[in-house]
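Below you'll find the structure, written out as structure tokens, and then a few comments.
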Amino acid sequence: MDRPRLDHDVCGPQDAPLLVLGPSLGTSRTLWEPYVGDLAGRYRVLRFDLPGHGGSPARDTVDPRPGHMTVAALADLVLALADEEGRETFCYAGVSLGGAIGTWLAARHQDRISALALICTSAHFGGPEPWLDRAELVRREGMGPLVQSSPARWFGDAGTAGSESGRALLRGLATVDPVGYAACCDALAAFDVRAELRRVQAPTWIVGGERDVATPVEHARELADGIPGAILRTADCAHLALEDPAVVRGVLDAMHAAVG
């Protein structure tokens, strides 16, 4: 049987530092499209899709039983991609669930992460019940209800939601496999690394969105307070950080300077 594998793409010089980019729940690697052209001149850039999202199948990449999927399992799939690239160490940047994966990697696999950017994410996404309820909803009714409710969480204003990138993200959400989405909700329900933040050794930058209602700036401050030496940047953005790309670019530039 083939090893479970996340769909991904890679671009940039083979001898450049590897930068792995993780997307938010409900989005695909296209979330990073505005940055890739510039990044690929300095990094070897690897973007992946979460299980059931974009090109990644849910089958064989998640445990479909309710309540069984974990961020640790997702992190193992990401490590496998870095192994395919032949990289012992790599930089990592992620949004929301993508950021949770990065925090887990940096806390549990300190020797693998050379620099870390955590964008609109958290060490703990609240109690498990809302996530388990959302997982049950999509298993029962599909992605339709999430397509209706996500704009209020994802975007800071109607202009962003109605932009070309905003509309593309919502179209992508409608195509997500409910099995994969629900499994990712289960992973977020169980995620809590607040007691492990001190284990992170990599240089770390954190972006908190001032208009983010899903993971408010207080979540970013908790990460910054817990991770030794972490640098906190606030941005005028909502949960997907679309409204203030300059702050995200600045963090990615700082990561590159840190690893040379």
Check whether at least one residue in the stretch 182-194 is out of contact with any helix residue (DSSP H, G or I) (no Cβ under 7 Å at 6 or more places or on another chain) and over 20 Å from Leu77 (Cα atoms), and report yes or no. no
How many residues are aliphatic (A, V, I, L, M), under 10 Å from the mean Cα position of the chain (by Cα) and not in a strand (DSSP E or B) if we restrict to the stretch 15-28? 1
Failed condition for Asp76, given (1) surrounded by fewer than 24 Cβ atoms within 10 Å (Cβ to Cβ); (2) more than 14 Å from Gly22 (Cβ to Cβ); (3) out of contact with any strand residue (DSSP E or B) (no Cβ under 8 Å at 6 or more places or on another chain): (2)
Condition set part of a loop (DSSP other than H, G, I, E, B) and modelled with pLDDT under 95, scope the stretch 122-155, selection farthest from Ala202 (Cα to Cα): answer is Gly127
If I go through the stretch 115-162 residue by residue, how many of them are in contact with a Cys (Cβ under 7 Å, 6 or more places away or on another chain) and farther than 19 Å from Pro178 by Cβ? 2
Considering only residues that are farther than 9 Å from Ser122 by Cα and in contact with a Lys or Arg (Cβ under 9 Å, 6 or more places away or on another chain), look in the stretch 203-226 and name the one that is surrounded by the fewest Cβ atoms within 10 Å (Cβ to Cβ). Val213
Pull up the stretch 235-255, narrow it to residues that are within 21 Å of Ala214 (Cβ to Cβ) and of a type in the set (Asp, Glu), then point me to the one that is surrounded by the fewest Cβ atoms within 10 Å (Cβ to Cβ). Asp236
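Say whether the condition of being in contact with a Lys or Arg (Cβ under 6 Å, 6 or more places away or on another chain), over 28 Å from Ile227 (Cα atoms) and among the small types (Gly, Ala, Ser) is met by at least one residue in the stretch 167-174. Talk me through it step by step, then tell me what you get.
We begin by selecting, within the stretch 167-174, every residue in contact with a Lys or Arg (Cβ under 6 Å, 6 or more places away or on another chain); these are none.
Scanning the stretch 167-174, I find no residue that is in contact with a Lys or Arg (Cβ under 6 Å, 6 or more places away or on another chain), over 28 Å from Ile227 (Cα atoms) and among the small types (Gly, Ala, Ser), so the answer is no.
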Please go through the stretch 251-260 and pick out each residue that is without any contact (Cβ under 8 Å) to a residue 24 or more places away in the chain and over 12 Å from Ala117 (Cβ atoms). Ala257
If a residue must be over 19 Å from the mean Cα position of the chain (by Cα) and within 26 Å of Pro66 (Cα to Cα), how many such residues does the stretch 148-187 contain? 2
Given (1) surrounded by fewer than 18 Cβ atoms within 10 Å (Cβ to Cβ); (2) in contact with a Cys (Cβ under 8 Å, 6 or more places away or on another chain); (3) closer than 24 Å to Arg167 by Cβ, number of the condition Asp38 does not satisfy: (2)
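The values are calculated or read from the model by the stated rules, or taken from the named source; none is laboratory data. Quantities reported herein were computed from a predicted structural model and do not represent experimental measurements. Every residue, glycine among them, receives a Cβ derived from its backbone with ideal geometry; neighbour counts consider all protein chains shown.
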